[in-house]
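Asks: Pasting a structure here, questions to come.
The values are calculated or read from the model by the stated rules, or taken from the named source; none is laboratory data. Fair warning: this is a prediction, and the values are worked out from it, not measured in the lab. So basically every Cβ, Gly included, is an ideal-geometry build from the backbone, and we count neighbours across all protein chains shown. Keep in mind that these areas ignore ligands, DNA and RNA; they rest on the heavy atoms of the full protein, side chains included. Shrake-Rupley method; radii C 1.70, N 1.55, O 1.52, S 1.80 Å.
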There are 2 protein chains.
Amino acid sequence: MTARIIDGKAAAADLRQRVGQVAARFRETRSRAPGLAVVLVGEHPPSAAYVRSKIKATLEAGMESFEHRIPAETSQADLIGLIDQLNADATVDGILVQLPLPKHVDEQAVLTRVDPSKDVDGFHPVNVGRLSIGLDALVPCTPLGCLKLLQGELGDLSGMDAVVVGRSNIVGKPMAQLLLQANCTVTVAHSRTRDLPGVVRRNDIVVAAVGRPELIRGSWLKPGAIVIDVGQERVEQPDGTRKLLGDVAYGEAAEVAGAITPVPGGVGPMTIACLLRNTVVAAHRREGLPDPEGL
Amino acid sequence: MTARIIDGKAAAADLRQRVGQVAARFRETRSRAPGLAVVLVGEHPPSAAYVRSKIKATLEAGMESFEHRIPAETSQADLIGLIDQLNADATVDGILVQLPLPKHVDEQAVLTRVDPSKDVDGFHPVNVGRLSIGLDALVPCTPLGCLKLLQGELGDLSGMDAVVVGRSNIVGKPMAQLLLQANCTVTVAHSRTRDLPGVVRRNDIVVAAVGRPELIRGSWLKPGAIVIDVGQERVEQPDGTRKLLGDVAYGEAAEVAGAITPVPGGVGPMTIACLLRNTVVAAHRREGLPDPEGL
């Protein structure tokens, strides 16, 4: 069997186009664009690159981008002051604090300061709790993107067996909540799991989010399984070049799986598209409008 | 094999005694007792009985009990007014709104009004989110009691395979979070699960919380599994008497399991003990004291 390749770039382009249409209607009726503020603390180069692509995508979707680059030495109090200012700014619908933050800053204190209605990353405890309870919430972008890829591939997920490998707050745990809401039987596996190959093998859906390159082998998969690979680690090759690798051994897995996301070009593009989606949804909710359809 | 019976009554008595000791020290140092307010709306007889036993246990632990019985016709605004008053009352450390509420009241609106620091039921989205993220939280009493029974039986749960059958906000979902934090590989199964016997059979720990009497059969269990039965449904017998039944077919299960909670006398007593535990913990946190040890 050779797996279908799940084209995250195409799915993301499609979602971004629909977000753009919704943003255009919002601009017409509200006489302003949905606005996303991005806060980047310090000079961490990968973070700077992420922020650049987020800003570019925000503008391309016809939304307003507010960039706040502040020095690594900024005190926690000053950073919280900036968050308060963005919370109070009516033109800001979404606030994204690029992680990681410098070590002298308490990350939770900052994330918890963001107004939950503007928390487009979905990291605030209120949004985490609302997702779990089944209330309207802003949901973390990467697992939301994974869910959309799965639904695009499979339609209704009801009754399927799904495993999430990894239990981070940013991906693994919210992913499990989303799959449970979609009526999957959900298993969360992690570093303490005794028989990871055995656990993976009994599932129809495998979401890998551990950050360990090629941990999951092709021989671990149930034939026909749908594999979503969140990992993307830059690994030096024997010839000295560096290659982006996922958590799944792609070549082997593609022989066994029914469908699989490539790295790059799978989950990555969906994360940014879902950030735009969350921003335009937040804008609608903040204005008391019904959620835009089809996003 | 004949299963050990997990004595929830003894475990609850032990926990209540320790809570009583902590409450006594609190009274000495703070010159007041930890206080629990219970709100009962309407005349639902099982709710009234629960509330009576909660009040009795509160007093026995040397804590103060505030009882608020209000008529079923009370408006949502008046109920929320009462919650606000209890939130503002410094002698109240815990607020428990007995569920179910009358149909004209939006349950989430009321539960979300309770100050998260007094939310001894652990139902507020902030506490749900904090539990998921791994921050200090007030955790729902029934799953917390189940965890304590499991730890009493097994010690460290790390690496064990656990299944939670049922995905309610009150038991199933927080139970899964607690087991994940305890380093179990956790599966959540429910009404849409395709092969429930197969899922149950591969787990070392089974927590049943679906409210369907004797759904889980002895033949479904892995020999030696530890079984925690949250179900308690009153079912009419052929002779016209009514019997309290769990979600697990106890007689059969006791032949296969390594240990099992009886119904009654298993999980039930631990729920009230954990409510007292949460109240005394809330009192400490509200006073800026470190969490009492060993609870």
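Asks: Of the conditions (1) within 10 Å of chain A (Cβ to nearest Cβ); (2) in a helix (DSSP H, G or I), B:Gly145 fails just one. Which one is it?
Replies: (1)
Asks: Residue check, A:Glu153 against (1) in a helix (DSSP H, G or I); (2) within 22 Å of A:Ala273 (Cα to Cα); (3) within 13 Å of chain B (Cβ to nearest Cβ), all met but one. Which one?
Replies: The one condition A:Glu153 does not meet is (3).
Asks: State which residue is nearest to the other protein chains (Cβ to nearest Cβ) when the search covers only region B:206-238 and only residues that are under 20 Å from the mean Cα position of the chain (by Cα), more than 28 Å from A:Arg167 (Cα to Cα) and charged (D, E, K, R).
Replies: Pass one, region B:206-238, residues under 20 Å from the mean Cα position of the chain (by Cα): B:206-213, B:226-234.
Filter again for more than 28 Å from A:Arg167 (Cα to Cα), leaving B:211-213, B:231-234.
Next, only the ones that are charged (D, E, K, R) stay: B:212, B:233-234.
Numbers: B:Arg212: 17, B:Glu233: 23, B:Arg234: 28 Å.
Selected residue: B:Arg212.
Asks: Which members of region A:194-220 meet the condition of being under 20 Å from B:Asn203 (Cα atoms) and in contact (Cβ under 8 Å) with a residue 12 or more places away in the chain?
Replies: Correct list: A:Leu196, A:Pro197, A:Val199, A:Val200, A:Arg201, A:Arg202, A:Asn203, A:Asp204, A:Ile205, A:Val206, A:Trp220.
Asks: So which of A:Asn183, A:Asn169, A:Asn203 is among the polar types (S, T, N, Q), within 12 Å of chain B (Cβ to nearest Cβ), in a loop (DSSP other than H, G, I, E, B) and buried (at least 22 other Cβ atoms within 10 Å of the Cβ)? Spell out how you get there, then give the answer.
Replies: Values: A:Asn183 fails: buried (at least 22 other Cβ atoms within 10 Å of the Cβ); A:Asn169 fails: buried (at least 22 other Cβ atoms within 10 Å of the Cβ).
Checking each option against the conditions leaves just A:Asn203.
Asks: Given the conditions (1) more than 26 Å from A:Asp229 (Cα to Cα); (2) in contact (Cβ under 8 Å) with a residue 40 or more places away in the chain; (3) acidic (Asp, Glu); (4) out of contact with any Ser or Thr (no Cβ under 8 Å at 6 or more places or on another chain), and given that A:Glu153 satisfies all but one, which numbered condition is not satisfied?
Replies: (1)
Asks: Looking at (1) under 18 Å from B:Ala3 (Cβ atoms); (2) open to solvent by 10 Å² or more (accessible area, probe 1.4 Å); (3) within 11 Å of chain A (Cβ to nearest Cβ), find the lone condition where B:Val163 falls short.
Replies: Here B:Val163 clears every test but (2).
Asks: Consider B:Ala273 carefully, then state whether it is among the hydrophobic types (A, V, I, L, M, F, W, C) and farther than 20 Å from B:Pro143 by Cα.
Replies: no
Asks: Then there's this: Quick one: how many residues across region B:131-167 are small (Gly, Ala, Ser) and over 26 Å from B:Arg16 (Cα atoms)?
Replies: The number of residues fulfilling the criteria is 5.
Asks: Could I ask something else about it? B:Pro264 - would you say it is out of contact with any Asp or Glu (no Cβ under 9 Å at 6 or more places or on another chain), in the same structural domain as B:Met175 (by TED's automatic domain parsing) and either closer than 28 Å to B:Tyr50 by Cα or not β-branched (Val, Ile, Thr) (or both)?
Replies: Numbers: out of contact with any Asp or Glu (no Cβ under 9 Å at 6 or more places or on another chain): yes; in the same structural domain as B:Met175 (by TED's automatic domain parsing): yes; either closer than 28 Å to B:Tyr50 by Cα or not β-branched (Val, Ile, Thr) (or both): yes.
Judged against the criteria, B:Pro264 is a match.
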